[in-house]
Amino acid sequence: MSVPHPSRNVAARMGRWSASHRKIAIFGWLAFVLAAIVIGSSLGQKTIDNQNNNVGQAHRADQILKQAGFDTAGPLTEFVLIQNHKLTVHDRQFQAVVRDVVGAVSPSKAIHNLRSPLDRANHDQVADGGHTVVVEWDMNGTQKSAEDRIDPLTNAVASVAKSHAHFYVGEAGAASSDKALNKMFNQQLGQAGTRSVPLTLLILVLVFGSLLAAFVPLMLALQSVVATIGLVSIVSHLTPMDPNVGAVVTLVGLAVGVDYTLFYLRREREERAAGRSERAALVAAAATSGRSVLISGATVMIAMAGMLFSGDKTFESFSIATMIVVAVAMIGSLTVLPAVLSRLGDRVEKGRIPLLGRLRRPAGENRVWSALLTPVLRHPATAAVLAAGLLAVLAVPTLKLHTAQSGLQSLPRSAPTVETLDRIQAAYPGQSSPALVAVKTDTASPAFRTAVVQLKAKTAGSGVGYGPVHVDTNKSHSAAQISVPLPGSGTDAKSTGALLTLRNRLLPETFGHVPGAAFAVTGQTAGSYDWNQMMKSSIPIVFGFVLTFAFLLLLVSFRSIVIAAKAVLLNLLSVAAAYGVIVATFQWGWGEHLLGFKSYGGISPWLPMFMFVLLFGLSMDYHVFILSRIREARDSGMSTDDAIAHGIKTTAGTVTSAALVMVGAFLVFATLPIVDMKEMGVGLAAAVLIDATIVRAVLLPAVMKLLGERNWYLPSWLNWLPRFDPHTEHLTDVVAEPAPLAA
């Protein structure tokens, strides 16, 4: 054995310090978690102003309207739909229902501009030959104040509906729908989190065969999540967060938190089973799996940082929050976990479940995976071709990937106000989400009035299907907000085509001739279109950043250009295969009956980028863990072929266990009724499963076997790279360093 020397392995040093200062590490961690929760809760979370979150032309229009004193979201309009397939608005019984609705809501001081379809001036509120009408009003105040005051109005309308059972009477609108759907969405996210925790615990119990060993990773992951939520609240006062950032933090925090602890704990138990003392096993785990956690955490954070280049405030908030939770989980795994394990020792196996497989395995090799991997390593060329071919087949649908806003189609018809919104959309296309034209000019001028008349005539005669045009000017006559209902669902090709016709032809032909006028179009359809265009331009930047910096980090960590390039390529293959799965399942509708949804012919626009950065980061966990073990075996004197076989066989069981935890957590989201959440859950679960099986257990060992010694190739002109590779130290040297444990 060589003479012990100060270790350059940061993870090993952190582990030894933690084990030697147990009380400081454990109570320091708990104090940090508690402080983050208390401070974060007291400050509260500042969220993104969705009314100022548009980009491109829609953002310019929002600024014109905001400066002119208009609500950039447009009027907070509420609709009460009244329908009867036999009677029409000309019948007394039908009119009585309308009057009851008007009488129920008119006393409220929360509304203004109440419009009844019985007034002759409001003929545009009658549709379907008089079988369908809407009563409309605008809510006073801001979106928040409107939602706070909407419940009495909703209850009053519900009472009218109950007393007229032969009519369909339903309310929907800017305040009632937003409040009801947000409540449902938050409840479902909460249910997903509630379901994922016991499911994760169950999987960990099956993995470890012990209640206490399963409890340790889950508790550390949950503490990382709650601490991060507190930290995110603090950070939100510097940069506002998306309201759904807590769900993303929970998703990522549970995944990486459990993974990092699982890698560490499994290695510590394996070293004990191989005959090392408790102290030596802990230090060995810190020096090996701890280092893998450091590299994995850095790679995941780099991947998440890519979202900062998206140009979207929601993605930027997700980026910051996920980087924080990964950093917290990583630090917890490297500090408090060694302290806990040194305190528990072999008692970590308390609560062993009868009939479950034993945690300790001689030599650390998994018998099942050894049997599966033997033919792969015996016939690497055949295995590589078959695995790559299967991934290519799965990835083929990616070539047809089409993003589209799901709109109401992503919501179950049983969701609050959705049926009413569907009926309104069918009877009054575009009425609930019109294009809003912002015009900055002298609205009292003859040129402006002429342009308005021309716009009304052109929209009516265009054949596109625009609804009635409404014009509202501000008090100073310096700007106007013009509402132009669009055909289609608001997010489909028909709506987008009508928007572009309005922007590119009708407005230049009318307001383009008003001297000094500035105009732009916003609204739901416009905001969605501009956001999609921004994503198309930012995706190459995000992908390029993530791939470049991940490659560089792995190059420095393993000092091999082949290892770094191969890791990037394999990750791209697994992501492409996952894209193919969601395209076939959701865009083509192959999983409609199994998952209980109706395809709208596209994939949610935010999903490809989110999936890429998340999956690229998470898949690196497995890759780094496996490669570190292979490198460790090679540095200990094994040949490359033997090191590959040993490294894969000893880590395959752990990687599979970690993948099962992630798959279980992600699949919970596939049970939610919202299609966007189903897409995310199925896509992430499929990607992790593909990555942990086809890629890491077949393609990676087959390719490494074929490359042999070329795996470690580093061009001579890169020899200047700094050596951060602690495998240049022998593990026996690391373990031999004196480190008295705390009493």
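The values are calculated or read from the model by the stated rules, or taken from the named source; none is laboratory data. Everything numeric in this text was worked out from a predicted model, so none of it was measured. Because the Cβ atoms are built from the backbone with ideal geometry, glycine has one as well, and the counts that use them run over all protein chains shown. SASA here: full protein model, heavy atoms, side chains in, ligands and nucleic acids out. Shrake-Rupley method; radii C 1.70, N 1.55, O 1.52, S 1.80 Å.
For region 67-162, compute the orientation-averaged projected area of the C-alpha convex hull (one quarter of its surface), in nm².
For region 67-162, the mean projected area of the Cα convex hull comes to 7.0 nm².
Given the C-alpha centroids of region 62-138 and region 508-549, what is the distance between them in whole angstrom?
So the separation of the two Cα centres works out to 33 Å.
Using alpha carbons only, how many degrees (0 to 90, rounded to 10) separate the axis of helix 10-20 from the longest principal axis of the chain?
Compared with the principal axis, the helix lies near 80 degrees.
Taking a point 7 angstrom from the Cα of residue 344 along the C-beta vector, which residues in region 226-266 have backbone N less than 16 Å away?
Inside the label zone: 257-266.
For a quick check: with amide H placed at 1.01 Å from N, whose amide H comes under 5 Å from residue 111's, ignoring anything fewer than 5 positions away on the same chain?
140
Give the carbon-plus-sulfur fraction of the accessible surface of the chain in %, rounded to a whole number; probe 1.4 Å, heavy atoms of protein chains only.
Answer for the chain is 62 percent, counting heavy atoms of protein chains only.
What length, rounded to one decimal in nm, is gained on full extension from residue 112 through to residue 572, with 0.36 nm per residue of separation minus their alpha-carbon distance?
160.1 nm
Averaged per residue, what accessible area in Å² does region 419-522 show with a 1.4 Å probe, protein chains only?
Here the per-residue accessible area is 41 Å².
For a Förster distance of 22 Å, can you work out the FRET efficiency between the beta-carbons of residue 399 and residue 536, rounded to the nearest 0.05?
Efficiency computed from Cβ-Cβ geometry: 0.85.
Can you list the trypsin sites (Lys or Arg not before Pro) in region 79-175 that are in a DSSP coil and have 10 or fewer other beta carbons within 10 angstrom?
When the trypsin sites (Lys or Arg not before Pro) of region 79-175 are filtered for loop state and at most 10 Cβ neighbours within 10 Å, 86, 109 remain.
Could you calculate the FRET efficiency of residue 273 with residue 638 from 1/(1 + (r/R0)^6), where r is the beta carbon distance between them and R0 is 22 Å, rounded to 0.05?
0.65
Can you list the HN-Hα couplings for region 142-158, worked out from phi with the Karplus curve (6.51, -1.76, 1.60; θ = phi - 60°), rounded to whole Hz and with x for Gly and Pro?
Per-residue couplings from phi come out as 7, 4, 5, 5, 5, 5, 5, 10, 7, 4, x, 5, 4, 5, 5, 5, 4 Hz.
State the Cα centre-to-centre distance between region 301-332 and region 159-234 in whole Å.
The two parts, judged by their Cα centres, are 22 Å apart.
Which whole-number value in Å² is the accessible area per residue of region 42-129, probe 1.4 Å?
54 Å²
So if I take the alpha carbon set of region 169-267, get Rg, then get Rh from the Kirkwood formula, what is the Rg over Rh ratio?
The Rg/Rh ratio comes out at 1.13.
Rounded to the nearest 10 degrees, what's the angle between the helix 607-635 long axis and the longest principal axis of the chain, both from Cα atoms, 0 to 90?
Long axis of 607-635 versus the principal axis of the chain: about 0 degrees.
With axes computed from alpha carbons, what is the tilt in degrees of helix 367-378 against the longest principal axis of the chain, rounded to the nearest 10 within 0 to 90?
That helix lies at roughly 90 degrees to the long axis.
When all alpha-carbon pairs of region 462-603 are counted, what percent fall beyond 22 Å?
When all Cα pairs of region 462-603 are counted, 63 percent exceed 22 Å.
Calculated FRET efficiency, residue 454 and residue 518, Cβ-Cβ r, R0 22 Å, to nearest 0.05?
The value I calculate is 0.80.
Extending each Cα 7 Å along its Cβ direction at residue 212 and residue 244, get the distance between those two points in nm, one decimal.
Between residue 212 and residue 244, the simple spin-label model gives 4.1 nm.
Taking just the C-alpha trace of region 632-718, give me its Rg and Dmax in Å.
Every Cα atom of region 632-718 included, Rg and Dmax give 17.6, 56 Å.
Using unit Cβ charges (K, R positive; D, E negative) and no other charged atoms, how large, in debye to the nearest 20, is the dipole of region 149-206 about its Cα centre?
80 debye
Going by average Cβ density within 10 Å per residue, which order do the peptides 374-381, 475-482, 489-496 take, highest to lowest?
489-496, 475-482, 374-381
With each label point set 7 Å from Cα along the Cα-Cβ vector, what nm distance links residue 721 and residue 379?
Using points 7 Å along Cα→Cβ, the separation is 3.5 nm.
Could you give the nm distance between label points at residue 237 and residue 124, where each point is 7 Å from its Cα heading toward the beta carbon?
So the two model labels end up 4.7 nm from each other.
Have a look at the chain and give its Rg and Dmax from the Cα atoms, expressed in angstrom.
Reported Rg and Dmax, both Å: 30.3, 101.
Given 20 °C and 1.002 mPa s, how large is the Stokes-Einstein diffusion coefficient of region 431-527 in µm²/s, with Rh as the Kirkwood radius over Cα pairs?
The diffusion coefficient I find is 162 µm²/s.
Any idea how far the Cα center of region 240-274 sits from the one of region 568-643, in Å?
18 Å
Which number comes out as Rg/Rh for region 254-405 once both Rg and the Kirkwood Rh are worked out on C-alpha atoms?
Rounded to two decimals, Rg/Rh equals 1.08.
Which of 179/456; 678/705; 183/350; 46/66; 313/678; 458/598 have a Cα-Cα distance over 31 Å?
Exceeds cut-off: 179/456; 678/705; 183/350; 458/598.
Do the sum for the chain: with -39,500 (n - 2.57) for every DSSP H run of n ≥ 4, divided by all residues, what is the mean residue ellipticity at 222 nm, to the nearest 500 deg cm²/dmol?
-20000 deg cm²/dmol
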